[in-house]
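See below for the structure under consideration.
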Amino acid sequence: MAPPVVLLSYFELDDLPRLLDAVEPAGIPSSVPVYVGSYGVSREASALIRSLTQGRYAPMFPVQPSIFWELRRAPDVPDDAYTGRIPSFAALMRLSAQRRVAWGRELGRRYRDSIRTARREGVRVDTWQFDELLGQAARSGGRGYREFLRGVLAGLTFGRPQLNEPEERGFVWSPRRVLELASLPTDSELATFWLQLDRSCFRLAGEEYPRFEGDPRAAASAQARGQRVLARRGTARRSLAAKYLAGMTPGEHLGPGLAGNVHKWSRSRVSRWREAYADERTRLGVAGLGQFHFRVENASTAVMRDALRAIGRALS
């Protein structure tokens with residue numbers, strides 16, 4: 001298992017100082033780096049995060065259409081067939097596999113363009129986060145989505161060859177159902193997908209967003225299924241299992257897919273459940289723990305402190 005790290009993701013910049021203030025009281029071991037980032041590259045966020053001894057800056061990039069889909073913004077790279085707007089998902093699925101991968105690679109390179117530009121301007125960026133492997137990739141007929149994602153990951157990892165950019169691995173967020181594809185027999189396409197994902201991942205952040213109810217240890221075991229499936233398969237998938245980070249959510253904001261404190265338990269009861277869950281995930285074996293979504297109700301100081309305290313306790 002790779003050495004543990006902590007990952008804290010998705011917040012408003014105004015809330016970042018309070019999130020960082022919760023790190024030291026959490027008791028996270030001093031040897032464990034704490035990677036922090038939200039969407040887009042921010043000079044201010046980098047400066048705040050890097051002021052922590054353990055702090056590492058890892059901005060996030062979305063798979064969904066955003067400003068990066070509109071136009072290539074890299075004046076040091078000549079124009080070509082992939083300079084303009086990236087086609088919609090529906091249009092991408094009608095293209096050849098080669099073109100889908102190429103457009104995905106261009107999107108990943110545009111993410112790297114923004115990191116390269118920021119670094120040239122003196123912004124410290126330690127690595128990146130990609131949010132996320134699309135759930136459509138796990139459906140019947142999901143091959144086209146996997147091809148596009150494979151291209152995005154390649155672009156993020158290798159950058160632009162014209163500029164001799166170094167290989168750079170980052171965090172890749174994934175729903176559990178995508179990881180459970182590892183149970184299927186691999187053809188050449190799936191094998192290439194797993195190889196690229198492994199090549200791109202510094203850590204694979206599994207989206208573990210259980211309902212806070214019942215036995216937290218049983219919930220932890222159930223949420224670990226994706227990691228277990230990976231660990232039983234081929235070389236690239238076993239490597240991903242060894243780099244697997246349990247990505248949790250604080251649980252007070254009941255957004256779509258986030259589950260959490262659905263029964264409106266008290267703060268103390270939630271804390272006990274969360275701590276038992278994190279303890280069990282660590283016992284089962286992970287290469288780190290994370291928390292995603294410090295916004296809305298999850299942005300309160302008390303929730304931030306409780307969520308990070310569970311991580312500190314588990315890693316200690």
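The values are calculated or read from the model by the stated rules, or taken from the named source; none is laboratory data. Quick caveat: nothing in here was measured; it's all calculated off a predicted structure. Neighbour counts are summed over all protein chains in view; Cβ atoms, including those assigned to glycine, are modelled from backbone coordinates with ideal geometry.
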- prompt: Only one of these conditions is not met by residue 179: (1) among the aliphatic types (A, V, I, L, M); (2) at pLDDT below 95; (3) surrounded by 19 or more Cβ atoms within 10 Å (Cβ to Cβ). Which number is it?
  reply: (2)
- line: When every residue in region 44-67 that is more than 14 Å from the chain's Cα centre (by Cα), not in a loop (DSSP other than H, G, I, E, B) and not aliphatic (A, V, I, L, M) is compared, the one farthest from residue 275 (Cα to Cα) is 44
message: Residues to consider are 6, 41; find the one that is part of a loop (DSSP other than H, G, I, E, B) and buried (at least 19 other Cβ atoms within 10 Å of the Cβ).
response: 41
statement: Going through (1) touching a Gly at 6+ places or on another chain (Cβ under 8 Å); (2) over 23 Å from residue 306 (Cβ atoms); (3) β-branched (Val, Ile, Thr) one by one, residue 63 fails only at (1)
- request: Would you confirm whether any residue within region 97-107 is modelled with pLDDT of 95 or more, surrounded by fewer than 13 Cβ atoms within 10 Å (Cβ to Cβ) and within 25 Å of the chain's Cα centre (by Cα)?
  value: no
query: Any idea how many residues of region 244-281 are aromatic (Phe, Trp, Tyr) and assigned to a strand (DSSP E or B)?
result: 1
- line: Out of (1) farther than 23 Å from residue 170 by Cα; (2) among the basic types (Lys, Arg); (3) touching a residue at least 24 places away in the same chain (Cβ under 8 Å), the one residue 237 does not meet is (1)
- prompt: Is there a residue being among the β-branched types (Val, Ile, Thr) and either in a strand (DSSP E or B) or surrounded by 20 or more Cβ atoms within 10 Å (Cβ to Cβ) (or both) anywhere in region 25-32?
  reply: yes
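For every residue, the table says whether it meets (1) at pLDDT 95 or above; (2) under 21 Å from residue 24 (Cα atoms); (3) of a type outside the set (Ser, Thr, Tyr).
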| residue | (1), (2), (3) |
| --- | --- |
| 247 | yes, yes, yes |
| 255 | no, no, yes |
| 260 | yes, no, yes |
| 263 | yes, no, yes |
| 268 | yes, yes, no |
| 271 | yes, yes, no |
| 289 | yes, yes, yes |
message: Going residue by residue through region 188-203, is there one that turns out to be crowded, with 24+ Cβ neighbours inside 10 Å, touching a helix residue (DSSP H, G or I) at 6+ places or on another chain (Cβ under 8 Å), of a type in the set (Ser, Thr, Tyr) and assigned to a helix (DSSP H, G or I)?
response: yes
